[in-house]
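For reference, the structure discussed in these notes is given below.
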Amino acid sequence: MMKASGIALGSNLKLLIQRALSKGGFSQFLVPFCIAVIFWLLFVAFLKFMIMADIATMSELQSLRKDLGDLGIFEIAFYHLFASGDIDQLSVGPGWLIVIIGALLVASVTSVFTNFFEKLSKDYLDGHSDYRVKGHTAVLGFHSAVPELIRRMMDEGRSTYFLVLTSDVRQARSVLRSALGKKRMLRVLLLCGDMASSEDLKRMQLSRAVELHIAGDASAGKAGDEKCIRCLKNASSALKGRTAVPCFLLLESSATLPVLQRMDTVGDTLALFPMSQPDMWAHKLFLGKGAVPFEGPEGMRPDASDYVHLIICGMSAHGLALAREAALLAHYPNHILQAQQRTRICFIDPCAEERMQALSCELEGMFSLCRKRFIPAGTPVGKTAWVMPSQTHLGDDFMDLEWEFINGSVQTPSVREYLDESARDSHTRLTVAVCIEDDAAALDTALKLPESVLESALQIPVLQKEGDASLALLAEATTVSERRFRKFKAFGMKTAACDLPLIRTLIAEAAQLEKAPGKTAEPLSKSEAARMWSNLYNTAHASVKRRSAAASTDWNGNLEELLARTEHARWNAEQLLLGFRPLTLEEQAYVLADEAQFATRKAELKRERLAHLDICSWERLNEIDPVSVTYDFNLVKQTLKH
């Protein structure tokens, strides 16, 4: 249960004063002046009290009145204090003297308080003031996506204070004020500091926070990610004594993502959910609100003769993220009955060969098991043969994914011919994504796509990091000539990368799928890291299974078994993307040699060598590890129930 969020009374009073002072103008002088006047009035009242206390008896007061004439009590008291009752000893009247003393007092006190409040205001504006809070959301770092992140959390109804640690408080405040508005900014407190510094993290009071968000500087690239990892380690140390505090880590690069997803890097203190900006956008495109799935709105029947075809123009980080998303989600039951109906992922890039080699090293296990081919520039695609996998001890050509790499661009004649043929294929469910890093070049490439692609593609995502205004204008055009651009969809905007509601929904559904029958769902974070992410990816694929089931109500075969086999195909791809590999023939023989040591040796290879016995065909899995087959069946039953 979330702690009640709040701020200590003293901190709240300090904050109210600082915010009033930070507005500048007349209020910056008026507040200390008013305080000085109050001090003066208190001084006068105190003075009167002390003087009157000194005139002990009424007879003394009457004696003073007789000597000083027709004066008031305060004037009599004044003469008694400053002139020992002798009016001739004073050269000015009491009124003028009080005014002079008051003016000097007000001026000096105003000066003191002006300097004090000026420092108080500057400390607030520069983020050097500390506030005692509890039950807050801690945001460490200020990525360009942070304003949207906070806005979405507030839209969810989250009523916590948001404590933000950043190295440039004034800039962050300006950006946040524009994104959130004045009212919502009242719940945001900005502190100046280095997110990677353990000393600065102490100011964030992480032990009392309900949730952490670590977001590096987008402009720093890999260096920003390194700082995020150091921050993660320090935050974990600062939270000793607490368990499973939700922590969302937003990385700029996807390079370290598989490592963080399969390893328990921070112990029990944090429930870590690492994300990269490109992968987060891939999730939003195909799983978020209003998303168009790879297979389209209609599910893939077991007897369908269609296949999903994803063409990515540009092997940028976002292009690779879309390919990973397809490898995780685009698995369908028709491949079980028609092996040729594989999901095809195609890259078109002027440097495709070099980048293919880099990706093959990164996903060595994946490319050792999948059909693939490279098409040099100018070569007709149809004339290039597929390179077939050769690891027969795992099963014959069992992966339902195939990869193409075409050297060239949309302007290359052979590439345009390939795009046109793909769009005219009545059995393809086509998505063409333009993932060129430069916004203008990406839009220019999208506008040059063949007419057949503009008409036949399910959608055409176009990378636009700086904003979607230009593309939105085209997509919303109403004239007949411009309606052909209606399938354009901008993605990759830096300010809108995070979709926390989507992530939270997946986490909640994954916990439900994981729970034992009749039991309360355990927090997903209690699973080991690799299993937790496996559950999340399975949950993401649940809607694909349900759509297939909904489209197959009149199909007479064993749909449950086909979906279980589809689930195993999806799991194979997921494990390979997480960095695991299949066993070699020798390793497989080692595990199977001793039945009593089977579980120990299987776990040993998984832990020590990132080699998983179950990455194999369905038929081979039935032979070597039939218990895992039961798990796939149970998972499908659970999925179709919800």
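The values are calculated or read from the model by the stated rules, or taken from the named source; none is laboratory data. No experiment lies behind these values; they were computed from the predicted model shown. Cβ atoms come from the backbone with ideal geometry, glycine included; neighbour counts cover every protein chain shown. Protein only, heavy atoms only, side chains kept; ligands, DNA and RNA dropped before computing areas. Shrake-Rupley method; radii C 1.70, N 1.55, O 1.52, S 1.80 Å.
For every residue, the table says whether it meets (1) touching a Pro at 6+ places or on another chain (Cβ under 8 Å); (2) more than 20 Å from Leu322 (Cβ to Cβ); (3) in contact (Cβ under 8 Å) with a residue 60 or more places away in the chain; (4) surrounded by fewer than 18 Cβ atoms within 10 Å (Cβ to Cβ).
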{"position": "Glu362", "(1), (2), (3), (4)": "no, no, no, yes"}
{"position": "Leu369", "(1), (2), (3), (4)": "yes, yes, yes, no"}
{"position": "Arg373", "(1), (2), (3), (4)": "no, no, no, yes"}
{"position": "Pro376", "(1), (2), (3), (4)": "no, yes, no, yes"}
{"position": "Trp386", "(1), (2), (3), (4)": "no, yes, no, yes"}
{"position": "Phe398", "(1), (2), (3), (4)": "no, yes, yes, no"}
{"position": "Ile406", "(1), (2), (3), (4)": "no, no, yes, no"}
{"position": "Val410", "(1), (2), (3), (4)": "no, no, yes, no"}
{"position": "Val415", "(1), (2), (3), (4)": "no, no, yes, no"}
Open item on the list: Can you pull out every residue in region 326-350 that is more than 31 Å from the chain's Cα centre (by Cα) and either of a type in the set (S, T, N, Q) or open to solvent by 50 Å² or more (accessible area, probe 1.4 Å) (or both)?
Closed with: Asn334, Leu337, Gln338, Ala339, Gln340, Gln341, Pro350
Task: Number of the condition not met by Lys606 [criteria: (1) within 27 Å of His283 (Cα to Cα); (2) touching a His at 6+ places or on another chain (Cβ under 7 Å); (3) open to solvent by 10 Å² or more (accessible area, probe 1.4 Å); (4) not hydrophobic (A, V, I, L, M, F, W, C)] - done: (1)
Open item on the list: Given (1) of a type outside the set (A, V, I, L, M, F, W, C); (2) in a helix (DSSP H, G or I); (3) touching a helix residue (DSSP H, G or I) at 6+ places or on another chain (Cβ under 6 Å), identify the lone condition not met by His331.
Closed with: (2)
Open item on the list: Quick test for you: out of Ile460, Ile436, pick the one residue that is in contact with a Cys (Cβ under 9 Å, 6 or more places away or on another chain) and modelled with pLDDT of 95 or more.
Closed with: Ile436
Open item on the list: Looking only at region 296-308, filter to residues that are touching a Lys or Arg at 6+ places or on another chain (Cβ under 9 Å) and surrounded by fewer than 24 Cβ atoms within 10 Å (Cβ to Cβ); which one of those is nearest to Leu443 (Cα to Cα)?
Closed with: Gly296
TODO: Could you figure out which of (1) among the β-branched types (Val, Ile, Thr); (2) open to solvent by 10 Å² or more (accessible area, probe 1.4 Å); (3) closer than 21 Å to Phe294 by Cα isn't true of Ile460?
DONE: (2)
- [ ] Could you tell me whether region 585-593 includes any residue that is more than 18 Å from Gly395 (Cα to Cα) and small (Gly, Ala, Ser)?
- [x] yes
Task: Of residues in region 351-369 being over 29 Å from the mean Cα position of the chain (by Cα) and not small (Gly, Ala, Ser), the one nearest to Ala442 (Cα to Cα) - done: Cys351
Open item on the list: Looking at the structure I just gave you, is Glu417 within 19 Å of Phe294 (Cβ to Cβ) and not hydrophobic (A, V, I, L, M, F, W, C)?
Closed with: no
Open item on the list: Can you tell me which residue is most open to solvent (accessible area, probe 1.4 Å) among those in region 115-149 that are of a type in the set (D, E, K, R) and in contact (Cβ under 8 Å) with a residue 60 or more places away in the chain?
Closed with: Arg132
Task: Residue list for region 536-583, restricted to those being free of Cβ contacts under 8 Å to residues at least 60 places away in the same chain, surrounded by fewer than 19 Cβ atoms within 10 Å (Cβ to Cβ) and among the polar types (S, T, N, Q) - done: Thr553, Asn556, Asn558
Task: Qualifying position, being β-branched (Val, Ile, Thr) and over 29 Å from Arg324 (Cα atoms), among Val544, Val591 - done: Val591
